[in-house]
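**Student:** Encoded as structure tokens, here's the structure I'll be asking about.
Bear in mind these aren't lab numbers, they're just calculated from the coordinates by the rules spelled out. Because the structure is predicted, anything quoted here is derived from the model rather than measured. Glycine also receives a Cβ, built like all others from the backbone with ideal geometry; neighbour counts cover every protein chain displayed.
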Amino acid sequence: MIKNKKDGTLIIISGPTSAGKGTICTELVKKHPEIYLSVSMTTRNPRENEIDGTHYIFVNKDEFQSQIEKDNFLEYALVHHGNYYGTPKTIVEQKIAEGIDVIIEIDIQGALQAKEKAKDAIFIFIMPPNMPTLVKRLIKRGTESKDKMIERLKRAYQEINEISTYNYVVVNDELDDAVKKVESILESEKCRVDRIEDVNLGNMEEEIHELLMDF
């Protein structure tokens, strides 16, 4: 009998700023509640309406640094405002072992870190359709100054050069189409030969006799 391996699949989704990776992940999990969307750990304070364990796992810096020393992160970073963010390994590994597919939505630097520790993961790069669209999305957000937007766009150009380190690229022009493309990638990954267990021929002769009894 040919059986699919029981372990879940780890999918890491990243891309440049305003490519829409977060929105794609949210829509994907809405359509497929059986997929687990990884929750990051952070040292920043919770914002209004944020729930510990749902939006983020909130810890202090001492606890976060202790987890770093124990090598308990797939990836982590100290961001410009002085807070840590990271993806805890234990929860992800537990879900994978239970046969649950896990999605991690992280930035490109985080994905490159994770690639060193999660070599079996599927890496998907979300691309904007073009740079003018990226600019429009940044302006529409209305959360940053012109100088900050220029800085983000320069970084986006640099990040796009990392595309060759990924397994797949999905252009996020229309959201529904982008989500369907990610769904297709996940489905095709489950059909890969290296995700199939060895064919068990041990009771083949006995099974053949049982099948022929009705003829």
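**Student:** Just to be sure I understand: of the beta bridges DSSP finds with both ends in the chain, what percent are antiparallel, rounded to 5?
**Tutor:** 30
**Student:** Are any of the pairs Lys70/Lys95; Lys31/Lys115; Lys61/Lys180; Lys95/Lys115; Lys136/Lys181 more than 29 Å apart by Cα-Cα distance, and if so, which?
**Tutor:** Lys61/Lys180
**Student:** Also, I was wondering about something else. Sorted from largest to smallest, which semi-axis lengths in Å does the alpha carbon gyration tensor of the range 107-198 give for its equivalent ellipsoid, taking the root of 5 times each eigenvalue?
**Tutor:** The three semi-axes for the range 107-198 are 30, 17, 9 Å.
**Student:** With no solvent and one point per C-alpha, what does the Debye sum give as log10 I(q)/I(0) for the range 1-67 at q = 0.14, 0.16, 0.18, 0.24 Å⁻¹?
**Tutor:** -0.64, -0.79, -0.93, -1.16
**Student:** Oh, and also: Could you pull out every residue, at least 5 positions away or on a different chain, whose amide H is within less than 5 Å of the one on Asn172? Hs are placed 1.01 Å off N in the peptide plane, and Pro or chain starts have none.
**Tutor:** Met127
**Student:** Within 10 Å of each residue's Cβ, count the other Cβ atoms and sort His80, His32, His209 from fewest upward.
**Tutor:** His80, His209, His32
**Student:** Where does the longest stretch of the chain lie that holds no trypsin sites (Lys or Arg not before Pro) found in a DSSP loop with 16 or fewer other Cβ atoms within 10 Å?
**Tutor:** With a cap of 16 other Cβ atoms within 10 Å, the longest stretch comes to 120-191.
**Student:** Give me P(r) over the range 70-119, computed from all C-alpha to C-alpha distances, binned every 5 Å, as integer percentages.
**Tutor:** 4, 19, 29, 25, 14, 5, 2, 1
**Student:** Once you have the Kirkwood Rh of the range 1-113 from its Cα pairs, apply Stokes-Einstein at 10 °C and 1.306 mPa s and quote D in µm²/s.
**Tutor:** Calculated translational D: 105 µm²/s.
**Student:** Taking neighbour counts of Cβ atoms within 10 Å as a proxy for exposure, in what order, fewest first, do Ser40, Ser66 appear?
**Tutor:** Ascending Cβ contact count within 10 Å gives the list Ser66, Ser40.
**Student:** Can you compute the FRET efficiency between Lys30 and Asn161 using 1/(1 + (r/R0)^6), with r the Cβ-Cβ distance and R0 = 22 Å? Round to the nearest 0.05.
**Tutor:** It comes out at approximately 0.10.
**Student:** Quick one: grab Rg to one decimal and Dmax as a whole number for the chain, Cα atoms only, in Å.
**Tutor:** Values for the chain (Cα only, Rg and Dmax): 20.9, 79 Å.
**Student:** Cα centroids of the range 78-133 and the range 14-65: how far apart, whole angstrom?
**Tutor:** Centre-to-centre distance over Cα atoms comes out at 11 Å.
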